[in-house]
Amino acid sequence: MPELPDLLYIRNYLRNNIAGRTVTDVAVKRPVVLRNALDQPPGESLCGGRIAAVRLDAPFLALEFDTELDIVLNLMLAGKIQHQHRGEKRDGYCCVSFLLDDESCLNICDDQQMAKVYIVRRGDYASIPRYRLGLDILSAEFTPARFRELARRHGRKQVRVLINDHAILASIGNAYADEILFDAGIHPKTYVSKLSAEELDRLHGSIVSVMRWGIAEVEKAAQPIQVKVRDHMKVRNRKGEPCPRCGTTIRREGVRGYDVFFCPRCQPATRKLFIDWKRL
Ligand SMILES: [Zn+2]
């Protein structure tokens with residue numbers, strides 16, 4: 001799943017390379033990904049419209065048309081965007097393709113067909129599930145005090161679930177959630193109510209610093225926008241590898257059906273879990 005650092009990189013790329021372009025054709029190859037809130041077919045409502053701006057309401061990317069329409073994209077777990085120029089190969093399983101007036105294409109690809117492409121009137125986002133936006137973690141409003149207040153309201157959640165909920169914090173996906181908890185030295189299954197004020201402040205600091213690190217790493221990698229940059233990750237998808245801090249073997253566990261990766265020594269469990277990795 002493209003996460004906030006990836007999405008910022010994609011947004012900036014689209015601002016520099018797509019904004020100002022006019023859509024000349026729309027090819028819907030997999031209608032299952034399309035959610036059209038308008039009466040007309042997408043070809044009719046979008047063709048001739050100019051992309052005036054590109055916005056990120058993480059995890060949603062929006063292409064704003066000069067016709068007061070938006071294309072809102074939720075790439076979900078496996079979706080990606082490719083900007084395909086003439087002569088270049090299509091990269092991935094293309095579901096929807098927008099042809100632009102310079103003959104390049106913006107392709108929405110997803111081999112699982114779970115990504116969503118919403119066509120809506122500007123501001124009319126009620127039909128988009130989970131569009132409710134949480135607190136922007138890169139904004140000045142995301143202070144330690146605000147975070148402690150959010151934590152008080154969601155004390156019964158596991159910490160991994162709290163920071164992963166983009167209706168609360170916008171937005172932290174699975175990969176950066178693992179990196180943040182590793183950085184803060186907090187076990188992913190810890191109940192939020194069990195975190196001390198000092199731990200919450202440390203976690204707040206890790207959210208900000210790990211995301212800024214991710215943004216810098218993705219920019220440095222300078223890959224095409226369809227590539228997911230993950231090589232810099234310290235624990236994510238590193239099951240069985242040594243922890244870069246202490247050398248203990250990194251483990252994988254499930255939290256609410258999602259894989260989480262962590263170091264059992266740097267992130268010790270604070271309550272009795274089914275498996276005590278330290279004893280193994
Ligand atoms: Zn460790």
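Can you tell me which condition residue 238 does not meet? The list is (1) surrounded by 16 or more Cβ atoms within 10 Å (Cβ to Cβ); (2) within 16 Å of the ligand (Cβ to nearest atom); (3) in contact (Cβ under 8 Å) with a residue 24 or more places away in the chain, and all the others hold.
(3)
Restricting to segment 115-127, and then to whatever is touching a residue at least 60 places away in the same chain (Cβ under 8 Å) and surrounded by fewer than 18 Cβ atoms within 10 Å (Cβ to Cβ), can you tell me which residue is farthest from residue 45 (Cα to Cα)?
127
Just checking, which of 39, 6 is surrounded by 15 or more Cβ atoms within 10 Å (Cβ to Cβ) and of a type in the set (Asp, Glu)?
6
Results for (1) closer than 20 Å to residue 225 by Cα; (2) touching a residue at least 24 places away in the same chain (Cβ under 8 Å), shown as yes or no for each residue.
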| residue | (1), (2) |
| --- | --- |
| 43 | no, no |
| 69 | no, yes |
| 74 | yes, yes |
| 105 | yes, no |
| 111 | yes, yes |
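Where in segment 35-145 are there strands (runs of 3 or more DSSP E), lying wholly inside it, with at least 2 residues that are among the hydrophobic types (A, V, I, L, M, F, W, C)?
51-57, 60-65, 69-74, 94-100, 105-109, 116-121
Quick one: which of 205, 247, 254, 240 is closer than 18 Å to residue 157 by Cα and either modelled with pLDDT of 95 or more or outside the structural domain of residue 97 (by TED's automatic domain parsing) (or both)?
Step by step, each of 205, 247, 254, 240 is checked, and only 254 is closer than 18 Å to residue 157 by Cα and either modelled with pLDDT of 95 or more or outside the structural domain of residue 97 (by TED's automatic domain parsing) (or both).
Please determine, by comparing only the residues of segment 241-258 that are within 11 Å of the ligand (Cβ to nearest atom) and part of a strand (DSSP E or B), which one is farthest from residue 160 (Cα to Cα).
Per the stated criteria, the residue is 242.
The values are calculated or read from the model by the stated rules, or taken from the named source; none is laboratory data. As the structure is a computational prediction, the values presented were derived from the model and not from experiment. When we count neighbours, we look across all protein chains shown, and the Cβ atoms used for this are built from the backbone with ideal geometry, even at glycine.
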